[in-house]
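Peer 1: Dropping a structure here in structure tokens format, bear with me for questions.
The values are calculated or read from the model by the stated rules, or taken from the named source; none is laboratory data. From a predicted model like this one, the values you see are computed outputs, not experimental measurements. Every residue, glycine as well, gets a Cβ built from its backbone with ideal geometry; the counts of neighbours run over all protein chains shown. In case anyone asks, the SASA skips ligands and DNA or RNA and just uses the protein heavy atoms, side chains included. Shrake-Rupley method; radii C 1.70, N 1.55, O 1.52, S 1.80 Å.
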Amino acid sequence: MHDPLDDLLVYLGESPTPYHAVEAAARRLGKAGFIRLSEAAAWSPLAPGRYYITPGGSSLLAWIVPDAAPTGFRIVGAHTDSPNLRLKPKAEYAKEGYDQLGVEVYGGVLLNSWFDLDLGLAGRLLVRGADGKTAPRLVEIRRPLLRIPRLAIHLDREVNEKGFLVHRQDHMAPILGMASDGARGLRALVAEAADVEPADVIGQDLMLFDVNPPTLGGRDRELIFSARLDNLAMCHAAIAALVAYAGDAATRDVIPVAALFDHEEVGSESAYGAASGFLPRALERIATARGGTRDDYLRTLAGSICVSADMAHAVHPNYDGKHEPRHKPELNAGPVIKVNAQQRYATSGATAAMFSELCREVVIPVQHYAHRTDLPCGSTIGPITSTQLGIRTVDVGNPMLSMHSAREMSGAKDPAMMTRVMQAFYGARDPEAT
Ligand code: ZN
């Protein structure tokens with residue numbers, strides 16, 4: 001068995017897009033005996049066991065049906081998407097002797113972090129098969145294919161004093177190469193990478209990624225330097241914890257669920273985002289798949305708890321004034337509970353207490369975060385799923401720096417602690433049950 005930290009680095013590297021993140025999670029679940037179901041198939045009756053679905057190819061729901069009648073769900077939610085740059089449908093054009101690609105900014109990208117990186121291209125193609133049917137196919141060009149060059153300082157003398165201002169339409173288009181007659185077009189490039197005929201590629205979702213691999217850093221390798229830590233680090237923890245918990249699941253009376261959603265970074269409103277009907281629909285089918293009624297499902301919801309896991313802001317030593325006093329999470333000091341009175345985080349006193357008690361039981365430290373009152377607070381899938389389902393939720397995450405940069409950083413000791421407490425949560429009794 002892989003060292004869990006090594007496995008996290010592998011997962012981060014093999015998941016340049018949400019589609020890849022879901023397939024990489026599915027591979028881990030498959031190895032642990034989870035069975036892939038189709039949403040279009042009948043699930044009833046569903047024997048006790050391990051299952052997952054991958055709605056849209058970029059969201060994933062995995063769960064275990066116990067032997068006993070369930071009294072509640074224990075849901076760990078996270079998101080598979082990260083801010084990045086995505087190709088427009090008619091992306092290719094030539095300008096000043098270069099071939100370039102038109103890109104759209106996806107989510108809250110720290111735009112300046114994407115300049116001067118060696119960028120690859122990855123995503124999903126829709127390919128017409130010999131039978132005339134369309135099938136999705138993952139594709140990845142993992143080499144320095146593209147680059148968004150910075151302007152030389154000699155042409156922008158005040159950039160360091162006045163700031164690096166980026167115009168998202170004019171300045172972000174990457175260079176694909178030098179324009180020349182007969183050069184391979186984008187469709188030929190991605191078709192070759194996917195090993196299909198260019199004419200059979202009838203659709204695509206393609207995005208840029210930094211080809212620099214995830215690595216441990218710092219004096220004693222106590223740090224992680226990687227793209228997409230927000231929020232693949234939490235996706236990995238949710239899956240690793242579910243696999244670790246699976247051996248105990250049959251004998252408990254709760255249904256553990258790992259819910260990984262696409263489109264959190266753009267508001268979660270999509271067919272398979274956290275605000276869609278797919279989670280409540282799937283949970284109802286799971287609760288009723290062994291003969292339960294809708295009332296049984298609603299009673300199961302009443303006994304349910306959700307941990308919304310999304311990365312948290314560690315204190316930045318060069319900008320410590322940006323943090324609320326007494327709420328400055330440190331790297332490698334344990335999971336962070338996030339609280340916001342405006343409900344940008346879904347944590348309540350009761351759910352914070354539940355999570356702190358779990359940390360105490362598994363003997364790991366816990367930290368607390370609140371945003372400065374004079375800064376608008378970000379949000380997570382926590383308030384959305386909590387509102388959709390009407391279930392108690394706690395927002396937590398591991399601390400990190402450079403959130404939404406093309407290359408982020410976090411602590412190397414925190415992933416194991418988060419995985420440990422999630423594992424305990426999956427089998428936890430309801431602390432408020434009467
Ligand atoms: Zn996030």
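Peer 1: Tell me which residues, restricted to the range 252-277, are of a type in the set (F, W, Y) and open to solvent by 10 Å² or more (accessible area, probe 1.4 Å).
Peer 2: If the condition is that a residue be of a type in the set (F, W, Y) and open to solvent by 10 Å² or more (accessible area, probe 1.4 Å), then Y272 is the only one that fits.
Peer 1: Another one. Looking at R150, R168, can you tell me which residue is in contact (Cβ under 8 Å) with a residue 40 or more places away in the chain, in a loop (DSSP other than H, G, I, E, B) and of a type in the set (D, E, K, R)?
Peer 2: Working: R150 fails: in contact (Cβ under 8 Å) with a residue 40 or more places away in the chain.
Every option except R168 fails the conditions.
Peer 1: Among the residues of the range 66-83 satisfying the criterion of being open to solvent by 10 Å² or more (accessible area, probe 1.4 Å) and not hydroxyl-bearing (S, T, Y), which is nearest to the ligand (Cβ to nearest atom)?
Peer 2: Only one residue tops the list, namely P83.
Peer 1: Enumerate the pairs (first residue in the range 69-92 and part of a loop (DSSP other than H, G, I, E, B); second residue anywhere and within 16 Å of the ligand (Cβ to nearest atom) and among the basic types (K, R)) with beta-carbon separation below 8 Å, excluding pairs fewer than 6 apart on the same chain, so at least 6 apart or on different chains.
Peer 2: Close Cβ pairs (under 8 Å, with a partner that is within 16 Å of the ligand (Cβ to nearest atom) and among the basic types (K, R)) amount to S82/R228.
Peer 1: Here's something else I'd like to know. Counting only residues that are more than 20 Å from the chain's Cα centre (by Cα) and of a type outside the set (A, V, I, L, M), which one in the range 295-314 is nearest to the ligand (Cβ to nearest atom)?
Peer 2: The selected residue is S304.
Peer 1: Same structure again: Is at least one residue of the range 413-420 crowded, with 21+ Cβ neighbours inside 10 Å and hydrophobic (A, V, I, L, M, F, W, C)?
Peer 2: yes
Peer 1: To continue, here is another question. Among the residues of the range 315-325, are any within 16 Å of the ligand (Cβ to nearest atom) and in the same structural domain as H236 (by TED's automatic domain parsing)?
Peer 2: Restricting attention to the range 315-325, the residues satisfying the condition of being within 16 Å of the ligand (Cβ to nearest atom) are none.
No; the residues of the range 315-325 include none that is within 16 Å of the ligand (Cβ to nearest atom) and in the same structural domain as H236 (by TED's automatic domain parsing).
Peer 1: Over 22 Å from A412 (Cβ atoms) and at pLDDT 95 or above, is that true of A370? Spell out the reasoning first.
Peer 2: Values: over 22 Å from A412 (Cβ atoms): yes; at pLDDT 95 or above: no.
Criteria not met by A370.
Peer 1: Restricting attention to the range 1-30, which residues are among the polar types (S, T, N, Q) and open to solvent by 10 Å² or more (accessible area, probe 1.4 Å)? Before you say what the answer is, go through the steps one by one.
Peer 2: Step one: filter the range 1-30 for residues among the polar types (S, T, N, Q), giving 15, 17.
Of everything in the range 1-30, nothing turns out to be among the polar types (S, T, N, Q) and open to solvent by 10 Å² or more (accessible area, probe 1.4 Å).
Peer 1: Quick check on my filter: what residues within the range 109-136 are in a strand (DSSP E or B) and surrounded by 17 or more Cβ atoms within 10 Å (Cβ to Cβ)? Let's see the steps before the verdict.
Peer 2: Within the range 109-136, the subset in a strand (DSSP E or B) is 119-128, 134-136.
Answer for the range 109-136, where residues must be in a strand (DSSP E or B) and surrounded by 17 or more Cβ atoms within 10 Å (Cβ to Cβ): L119, G120, L121, A122, G123, R124, L125, V127.
Peer 1: Taking the stated definitions as given, is M403 more than 15 Å from the ligand (Cβ to nearest atom) and either open to solvent by 10 Å² or more (accessible area, probe 1.4 Å) or more than 21 Å from A241 (Cα to Cα) (or both)?
Peer 2: Numbers: more than 15 Å from the ligand (Cβ to nearest atom): no; either open to solvent by 10 Å² or more (accessible area, probe 1.4 Å) or more than 21 Å from A241 (Cα to Cα) (or both): yes.
Considered against the rule, which asks whether it is more than 15 Å from the ligand (Cβ to nearest atom) and either open to solvent by 10 Å² or more (accessible area, probe 1.4 Å) or more than 21 Å from A241 (Cα to Cα) (or both), M403 comes out as no.
Peer 1: Let me ask something else. Which of the residues that make up the range 238-262 are in a helix (DSSP H, G or I), within 18 Å of G397 (Cβ to Cβ) and either in contact with a Cys (Cβ under 7 Å, 6 or more places away or on another chain) or of a type in the set (G, A, S) (or both)? Step through it out loud before you land on a result.
Peer 2: To start, the set of residues in the range 238-262 that are in a helix (DSSP H, G or I) comprises 238-249.
Within this subset, residues satisfying the condition of being within 18 Å of G397 (Cβ to Cβ) are 238-242.
Of everything in the range 238-262, those that are in a helix (DSSP H, G or I), within 18 Å of G397 (Cβ to Cβ) and either in contact with a Cys (Cβ under 7 Å, 6 or more places away or on another chain) or of a type in the set (G, A, S) (or both) turn out to be A238, A240, A241.
Peer 1: May I pose another question? Is it true that A341 is among the hydrophobic types (A, V, I, L, M, F, W, C), more than 16 Å from the ligand (Cβ to nearest atom), at pLDDT 95 or above and out of contact with any His (no Cβ under 6 Å at 6 or more places or on another chain)?
Peer 2: On the way: among the hydrophobic types (A, V, I, L, M, F, W, C): yes; more than 16 Å from the ligand (Cβ to nearest atom): yes; at pLDDT 95 or above: no; out of contact with any His (no Cβ under 6 Å at 6 or more places or on another chain): yes.
No.
Peer 1: Can you go through L189, L208 and tell me which one is under 25 Å from Y106 (Cβ atoms), open to solvent by less than 10 Å² (accessible area, probe 1.4 Å) and not in a loop (DSSP other than H, G, I, E, B)? Give the steps one after another, and end with the answer.
Peer 2: On the way: L189 fails: open to solvent by less than 10 Å² (accessible area, probe 1.4 Å).
Of L189, L208, the one residue that is under 25 Å from Y106 (Cβ atoms), open to solvent by less than 10 Å² (accessible area, probe 1.4 Å) and not in a loop (DSSP other than H, G, I, E, B) is L208.
Peer 1: Now a separate question. Take the residues of the range 219-245 that are touching a residue at least 12 places away in the same chain (Cβ under 8 Å) and open to solvent by 40 Å² or more (accessible area, probe 1.4 Å): which is farthest from the ligand (Cβ to nearest atom)?
Peer 2: As a first pass, look at the range 219-245 and keep what is touching a residue at least 12 places away in the same chain (Cβ under 8 Å): 221-245.
Filter once more, keeping what is open to solvent by 40 Å² or more (accessible area, probe 1.4 Å): 221-222, 225, 243-244.
On the way: R221: 25, E222: 23, F225: 18, V243: 22, A244: 23 Å.
Per the criteria, the residue is R221.
Peer 1: Which of the residues belonging to the range 190-203 are of a type in the set (A, V, I, L, M, F, W, C) and under 15 Å from K90 (Cα atoms)?
Peer 2: Kept after step one, since they are of a type in the set (A, V, I, L, M, F, W, C), are these residues of the range 190-203: 190-191, 193-194, 196, 199, 201-202.
V190, V201, I202, listed by residue number.
Peer 1: Continuing with the same structure: Is it the case that the range 192-200 has a residue that's assigned to a strand (DSSP E or B), exposed (fewer than 13 other Cβ atoms within 10 Å of the Cβ) and either at pLDDT 95 or above or not assigned by TED's automatic domain parsing to the domain that holds A122 (or both)?
Peer 2: Our first condition is that a residue be assigned to a strand (DSSP E or B); within the range 192-200, this holds for none.
Scanning the range 192-200 turns up no residue that is assigned to a strand (DSSP E or B), exposed (fewer than 13 other Cβ atoms within 10 Å of the Cβ) and either at pLDDT 95 or above or not assigned by TED's automatic domain parsing to the domain that holds A122 (or both).
Peer 1: Moving on to the next point. So for the range 62-85 (the condition being more than 14 Å from the chain's Cα centre (by Cα) and farther than 30 Å from A241 by Cα), does at least one residue qualify? Steps first, please.
Peer 2: As a first pass, look at the range 62-85 and keep what is more than 14 Å from the chain's Cα centre (by Cα): 62-75, 85.
Within this subset, residues satisfying the condition of being farther than 30 Å from A241 by Cα are 85.
Checked the range 62-85: at least one residue is more than 14 Å from the chain's Cα centre (by Cα) and farther than 30 Å from A241 by Cα.
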